[in-house]
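Below you'll find the structure, written out as structure tokens, and then a few comments.
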Amino acid sequence: MFSVLSYGRLVARAVLGGLSQTDPRAGGGGSGSGSGSGDYGLVTAGCGFGKDFRKGLLKKGACYGDDACFVARHRSADVLGVADGVGGWRDYGVDPSQFSGTLMRTCERLVKEGRFVPSNPIGILTTSYCELLQNKVPLLGSSTACIVVLDRTSHRLHTANLGDSGFLVVRGGEVVHRSDEQQHYFNTPFQLSIAPPEAEGVVLSDSPDAADSTSFDVQLGDIILTATDGLFDNMPDYMILQELKKLKNSNYESIQQTARSIAEQAHELAYDPNYMSPFAQFACDNGLNVRGGKPDDITVLLSIVAEYTD
């Protein structure tokens, strides 16, 4: 009914997503609080749904529908990202998941090769995008992108968000830091694009440098939720926080269960025609008479800041 990407004490690989992550904790105890002096790491689990899941369509090579994601570990940082391929390309015979998937796989490889600076997540996006532009294999499409980097030593979270995917940092049951959504106009987010030569200048395309970049000091036990707009368009903050209250400790099984619960609820709400979703409310604010959830691909990566043990 759903698929889950999870990362435990040993490297665990997901069948669908091809993601891997190592639990930075020495043991499986509860989550701590405060600011320790040692290195930090992320314990991460993920879950999601493709929009066409109900039709039994699950495309090989994509995380969830046209969404893509990655989690990568380096000695200097834990890095994760989500991307949402722009579905409009399908009208031109282009598979939107190819762009988002290739972008995230390239980001993951750069991190594992150490070709990044933890304090510069925009640099990861820029280098990846440039590689796509220079790719010998033709690639067309567009995607939003959100990159989250935890610098182990400085305990700082560095982020870059382009478009309407995003992240929340939750501490003590409250949102203490979050991404800003970037929209050109209603339902038209900032996006990286590669267009055919005849469409250059016509297809919407933003520079990686346009991404909103932030830095934030995290503490042990902080919860970081990174997701595509399929989550945020269907679940307001208060619903997400209610689900996060069920997270009792920092072992990966508990995180996995909570990530799954959040993704499932968003998926159900997306198909409720009577629900006034955040997307519907935003549409009404823009003069459109809309009600109901927004059927969409949904990707959720849920992380807890924990003590790191190599």
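The values are calculated or read from the model by the stated rules, or taken from the named source; none is laboratory data. These figures come from a predicted structure and were not determined experimentally. Because the Cβ atoms are built from the backbone with ideal geometry, glycine has one as well, and the counts that use them run over all protein chains shown. Surface accessibility is based on the protein's heavy atoms, side chains included, excluding ligands, DNA and RNA. Shrake-Rupley method; radii C 1.70, N 1.55, O 1.52, S 1.80 Å.
Couple of notes before you dig in:
- For residue 112, the aspartates and glutamates whose Cα comes closer than 20 Å to its Cα, not counting residues fewer than 8 places off in the same chain, are 23, 39, 78, 131, 151, 310.
- Neighbour cut-off at most 12 other Cβ (10 Å), DSSP loop, GluC sites (Glu not before Pro), the range 64-161: 113
- Relative contact order of the chain, taken over Cα pairs closer than 8 Å and 6 or more residues apart, is 24 percent.
- Relative contact order computed over the range 151-310 (Cα-Cα under 8 Å; 6+ residues apart), in percent: 25
- To put it simply, the accessible area of the chain at a 1.4 Å probe is 49 percent carbon and sulfur.
- With the gyration tensor restricted to C-alpha atoms of the chain, the semi-axes of the equivalent ellipsoid amount to 28, 23, 18 Å, longest first.
- For the range 280-285, Karplus couplings with θ = phi - 60° (6.51, -1.76, 1.60), whole Hz, Gly/Pro x: 5, 5, 5, 5, 4, 5
- Ranked packing of 280-286, 78-84, 94-100, 138-144, most packed first, by mean Cβ within 10 Å: 78-84, 94-100, 138-144, 280-286
- Distant-in-sequence amide H partners of residue 275 (H built 1.01 Å from N, under 5 Å): 292, 293
- Top of 174, 198, 264 by mean-square fluctuation, Gaussian network on the chain, Cα under 10 Å: 198
- Candidate aspartates and glutamates for bridging to residue 245, where Cα separation is under 13 Å - those fewer than 8 sequence places away on the same chain excluded: 174, 222, 237
- Computed from backbone phi, the HN-Hα couplings of the range 139-150 come to 9, 10, x, 8, 7, 7, 7, 9, 10, 10, 10, 9 Hz, rounded to whole numbers (Karplus: 6.51 cos²θ - 1.76 cosθ + 1.60, θ = phi - 60°; Gly and Pro given as x).
- Helical mean residue ellipticity (222 nm; -39500 (n - 2.57) per DSSP H run of 4+; nearest 500) of the chain: -7000 deg cm²/dmol
- Our coupling estimate for the range 293-309, obtained by passing each phi through the Karplus curve with A = 6.51, B = -1.76, C = 1.60 and θ = phi - 60°, is x, 10, x, 6, 5, 10, 10, 10, 10, 10, 10, 10, 6, 9, 5, 9, 10 Hz, Gly and Pro reported as x.
- Fluctuation leader among 249, 289, 161 - the chain, Gaussian network, Cα springs under 10 angstrom: 289
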